[in-house]
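The values are calculated or read from the model by the stated rules, or taken from the named source; none is laboratory data. What you see is a predicted model, and the numbers here were worked out from it, not measured in a lab. Don't worry about glycine lacking a Cβ; one is built from the backbone with ideal geometry, like all the others, and counts go over all protein chains shown. All accessible areas refer to the heavy atoms of the entire protein, side chains included, with ligands and DNA or RNA removed. Shrake-Rupley method; radii C 1.70, N 1.55, O 1.52, S 1.80 Å.
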Amino acid sequence: MATTDHTQRRGRRIMMTEAERDAYLAEQRTCRVATVSADGAPHVGALWFVWDGTSIWLYSITRSRRWAQLCKDPRLAVLVDDGVEYGELRGVELSGTAEFVGEAPRTGERCPELVVPEGLFTQKYFGMTQMPHDGRHAWLRLTPDAIASWDFHKL
């Protein structure tokens, strides 16, 4: 994996281990996805996601602003965080380049790359084994170039 966990300079004391990060990303349900428009304006929106231990998979509406922006500039950042009180704050930030995987919109055509993420997604969000395809969403994969994490429980 081409991530730079080891280069996280600030907050090494509160950085999550790989196992902690993987467990955290498996349990969280919503992330925030940041994209950039052609004029440089940022856009942030919430999405459901799954983490396969290497990549974060995002199931996005293909007629969204996010999708249009990623078609022109595939750079993105994803934030998953939680906590209310200061000592409870935890999170993971992942950044890199989005890859479009499978047909868009997704109709369920055979795509070996999507077997694992669709299995994880349907179990996590629907408690099912078969992915329902609505003809409006498609898959984005982010294999991060950089990952930063924090867990204020460690303070």
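Some points to look at:
- The stretch 121-155 - residue that is of a type in the set (S, T, Y) and either in contact with a helix residue (DSSP H, G or I) (Cβ under 6 Å, 6 or more places away or on another chain) or open to solvent by less than 40 Å² (accessible area, probe 1.4 Å) (or both) and, of those, nearest to R106 (Cα to Cα): T122
- Within the stretch 102-133, the set of residues being farther than 20 Å from C31 by Cβ, of a type outside the set (G, A, S) and in a loop (DSSP other than H, G, I, E, B) comprises E103, P105, T107, E109, R110, C111, M128, T129, Q130, P132, H133.
- Those residues of the stretch 97-109 which are surrounded by 17 or more Cβ atoms within 10 Å (Cβ to Cβ) and either touching a Pro at 6+ places or on another chain (Cβ under 9 Å) or on the phi > 0 side of the Ramachandran plot (or both), in sequence order: A98, V101, G102
- Selected residue (criterion: surrounded by the fewest Cβ atoms within 10 Å (Cβ to Cβ)) from residues of the stretch 53-96 that are hydroxyl-bearing (S, T, Y) and closer than 16 Å to Y24 by Cα: T54
- Any chance G87 is assigned to a helix (DSSP H, G or I) and touching a residue at least 24 places away in the same chain (Cβ under 8 Å): yes
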